[in-house]
2 protein chains.
Amino acid sequence: MTTLSPSGPVAGQRKVRRATMNDVARLAGVSIKTVSRVVNDEPGVHPSTAERVLAAIDQLGFRRNLSARNLRRGSSTGTIGLVLEDVGNPFYSGVTRAVEEIARLRGRQVISGSSDEDPGRERELALEFCSRRVDGLLIVPAGLQHSYLVPEMRAGTPVVFLDRPAGDVVADTVLVDNIGGTVEAVTHLAAHGHRRIAFLGDAPDIFTANERLRGYREGCVRAGIGYHEELVAMGPHDESSVATTLQRLQSMREPATAIVAGNNRITVYILRALAGVAERPALVGFDDFELADLLSPPVTVIAHDASALGKAATDLLFARLDGDNSPPRRVVLPVRLVPRGSGEVHA
Amino acid sequence: MTTLSPSGPVAGQRKVRRATMNDVARLAGVSIKTVSRVVNDEPGVHPSTAERVLAAIDQLGFRRNLSARNLRRGSSTGTIGLVLEDVGNPFYSGVTRAVEEIARLRGRQVISGSSDEDPGRERELALEFCSRRVDGLLIVPAGLQHSYLVPEMRAGTPVVFLDRPAGDVVADTVLVDNIGGTVEAVTHLAAHGHRRIAFLGDAPDIFTANERLRGYREGCVRAGIGYHEELVAMGPHDESSVATTLQRLQSMREPATAIVAGNNRITVYILRALAGVAERPALVGFDDFELADLLSPPVTVIAHDASALGKAATDLLFARLDGDNSPPRRVVLPVRLVPRGSGEVHA
DNA sequence: CCGCTGGGGGACAACGTTGTCATAGTGGCC
DNA sequence: GGCCACTATGACAACGTTGTCCCCCAGCGG
């Protein structure tokens, strides 16, 4: 092995055992404990000794092994686990960002994974994180069974569910006002004269989809326009299923004149299906999205803040880590209707 | 401590020491090594013994401590570290998703963090990940100095840089064809008759921003329209700086009739600034984005695939982990111009 | 009846770190 | 000059797991 200038190339050279505190100690001519003291900024080390140790650390490229440290100290591993549906979805990447932000302030790293709406995968990820002894767990539930987490929670790992509640476990939960949101959407559309309002939602076994459907229903009733089964199409949806649904809705004897979209993906599918269509139904989408205001017509949405959701959940988690022992809380974040045009089209 | 039904609430109850293999061994009446064998599916355990052990594991809610395991085994920790600019940016969340996907296939967890374009933060994150003994590191460089990674690379941690090259270290790198992209953008605009083409780019110390500027310049020269300093505005940009720049560009003696936007954020700022303006310049944006095709006019872009970038980098990383010792590679992914309308406006 | 084989299982050390406790030296004070 | 307080340092065990090596015992062939 030749000397390596900082600017020199480095590539192969595997199997070079990493320096440990022992190596540093030997090189600096001190005991391993003294190295530990220096590394951890503990007091009681003579400045000249510390200097020698630091030089050795530098020379050997020593970096302390956190696995060993965590094992020995037993307390915090400095990590929190985040299980969500899909980091690729802008909504969840916003959540991730917020979580990361707060974790950083509290000196924690975030380990995350996407469940893709698969309960098995969610469980696998969560338990894997527990094996890594994360300090806490943030979960966007994919399924309805979470009793697998009971042993972990008993062992002291706080868990906060976000966006959807857990199935069979009572724990901190942060939700958004799904029902209120779709009630408002329907009310808004009805106020603009619509009486045939359709709802396109995600798979009904998804909590948020179901809640939003309930809100839609309630909104219809409150608005006095009644609830009509044939105006509802629950998912799972993809671009083509949405397109077919729209055709069906518009070719009815009494066509739908307005649509409420159950989430950001469905909204986009609808927009795509309607592109170029002259006679467009009014539209209100659940979830805000970038550029909604720049489309024509601009898209009216039920907005809620991904980063507020992430922040609320993470704050709750850290409160638990700080020793908060109060009974589990359920936080419901408000949503607000942002009128932009697409929902203000007259019937 | 009372028994706890699966559906029962769980919240406080901290400080319940986690069960270890020792506890399991005692309960099952076997040695700790036998527990280890069962947990690791090692052969040579009598079925009936294994059953007893599994029952004990279940009863105690045992979950093996990966810190201890990793320490003892010394080899892989089953994690890879990902340092990027901002998970909140859809481009990077696409990268993250792709990385996660492949890591999953190879049985790895992803630990990620956002540097926010701060070299210090990048370094902090990368070194923290090294302390956790990640199996490999994927980095979107924020700065130009990466010699801090030399000891880590020597110690056998493979590093792949993506989207931008490292400053002073030779390592695997995956880039996109930035120069080719802006050359093509300018060529495209010039072909549509534009002779006053502006370029709005990110801060020039960012590699991609600088490359794209070079491509813009080269494109101008090739198109025979010359390079004009006053048509270039490098960042950092925000919504208002972009708006002011646009005003300046349009109030010149010979106004710009077309714009090349240096990245997805700038493109959006431009769109926002142009909203409602009657006389719009032609526009080509670097980076594709969702809904670009649904705007009016639809936005012509230089598209490149975030997930292809993430995949290429992760594949490279795993090749190293599989023992590939060849010299560092530099992969340049192609970009392609997607004409949609905004770039085809006549001068 | 003896030795051999192989399956099932255990004792023990080691991974790299940190907490506890002990100890050597140094200077000050009565 | 003896004792104390204090600083600087080290020896050692322990964290929870796994790799190595060893042992016991049943079964079997000679």
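The values are calculated or read from the model by the stated rules, or taken from the named source; none is laboratory data. Keep in mind the model is a prediction, meaning the values are calculated, not measured. Counting neighbours? That spans all protein chains shown, and the Cβs are built from the backbone with ideal geometry, glycine included. Remember, those area values only see protein heavy atoms, side chains included, never the ligands or the DNA or RNA. Shrake-Rupley method; radii C 1.70, N 1.55, O 1.52, S 1.80 Å.
Some values worked out for this structure:
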| read-out | value |
| --- | --- |
| Pairs of alpha carbons in region A:128-182 whose separation is greater than 16 Å (percent) | 42 |
| Chain B - mean residue ellipticity at 222 nm from DSSP helices (-39,500 (n - 2.57) per run, n ≥ 4, rounded to 500) | -12500 deg cm²/dmol |
| Calculated label separations, A:Pro255, copies of the chain, 7 Å along the beta-carbon direction, nm | 3.9 |
| Principal axis box of region A:178-303, alpha-carbon based, largest edge first, Å | 33, 31, 26 |
| Rg/Rg_globular for region B:21-64, with Rg_globular taken as 2.2 N^0.38 Å and Rg from C-alpha atoms | 0.95 |
| Other copies of A:Arg26: label-to-label distances in nm, shortest first, labels 7 Å along the beta-carbon direction | 3.8 |
| Shielded residues, region B:83-98 - accessible-area loss of 10 Å² or more between chain alone and all protein chains, probe 1.4 Å | B:Asp86, B:Val87, B:Gly88, B:Pro90, B:Ser93, B:Thr96, B:Arg97 |
| Buried area at the B-A interface (accessible, heavy atoms, 1.4 Å probe, summed, Å²) | 7100 |
| Signed unit charges on C-beta, dipole axis of region A:178-303, positive-most listed residue A:Tyr269, A:Gly193, A:Gly219 | A:Gly193 |
| Delta accessible area of at least 30 Å² on complex formation, residues of region A:130-146, 1.4 Å probe, chain isolated as reference | A:Ser131, A:Arg132, A:Arg133 |
| Whole-angstrom Cα spans of chain A along principal axes, big to small | 90, 50, 32 |
| Whole-angstrom gap from region B:148-177 to region A:241-263, using each part's C-alpha centre | 51 |
| D_trans [Stokes-Einstein, Kirkwood Rh over alpha-carbon pairs] for region B:136-238, 4 °C, 1.567 mPa s, µm² s⁻¹ | 85 |
| Heavy atoms of B:Lys33: accessible area, 1.4 Å probe, square angstrom to 10 | 90 |
| Accessible area of the protein assembly as shown divided out per residue, in Å², using a probe of 1.4 angstrom | 42 |
| Whole-angstrom gap from region A:283-305 to region B:307-347, using each part's C-alpha centre | 32 |
| Net charge, B:Val140 excluded, C-beta distance under 10 Å - Lys, Arg +1, Asp, Glu -1 | -4 |
| Rg/Rh for the protein assembly as shown, where both radii come from Cα atoms and Rh is the Kirkwood radius | 1.01 |
| Reduction of at least 40 Å² in accessible surface, 1.4 Å probe, comparing all protein chains with the chain by itself, residues of region B:313-347 | B:Asn325 |
| Of all chain A residues, the one whose C-beta is nearest the axis that brings A onto B, in angstrom | A:Ser93, 2 |
| Rounded to the nearest 20 debye, dipole of the protein assembly as shown from Cβ charges on Lys, Arg, Asp, Glu | 2640 |
| Calculated FRET efficiency for the pair A:Glu254/A:His192, C-beta based, R₀ 25 Å, to 0.05 | 0.90 |
| Residue among A:Gly61, A:Val174, B:Pro141 farthest towards the positive dipole end of the protein assembly as shown, charges placed on Cβ | A:Gly61 |
| Summed side-chain charge close to A:Gly167 - residues other than A:Gly167 whose Cβ falls under 13 Å, Lys, Arg +1, Asp, Glu -1 | -1 |
| Exposure rank, largest accessible area first [A:His192, B:His146, A:His304; 1.4 Å] | A:His192, A:His304, B:His146 |
| Cα pair distances of region A:17-146 binned at 10 Å [whole percent] | 12, 30, 23, 18, 13, 3, 0 |
| In sequence order, calculated HN-Hα J values of region A:211-222 (Karplus, 6.51, -1.76, 1.60; Hz; x Gly/Pro) | 4, 5, 4, 4, x, 4, 4, 4, x, 4, 5, 4 |
| Test item: Cα-centred dipole of region B:21-64, Lys/Arg +1 and Asp/Glu -1 on Cβ, debye | 140 |
| Cβ neighbours within 10 Å from other chains - mean over A:66-76 | 5 |
| Teacher prompt: A:Leu54 distances to equivalent labels in other copies, 7 Å Cα→Cβ, nm | 5.6 |
| Where A:Met234, B:Met153 fall by accessible area, highest first, once all protein chains stay in place (1.4 Å) | A:Met234, B:Met153 |
| Volume in Å³ per residue [convex hull over Cα atoms, computed for region A:269-347] | 104 |
| Accessible-area composition of the protein assembly as shown, carbon plus sulfur, in percent [1.4 Å probe] | 51 |
| FRET efficiency, 1/(1 + (r/R0)^6) with R0 30 Å, evaluated for A:Ala203 and A:Ala319 via beta carbons | 0.35 |
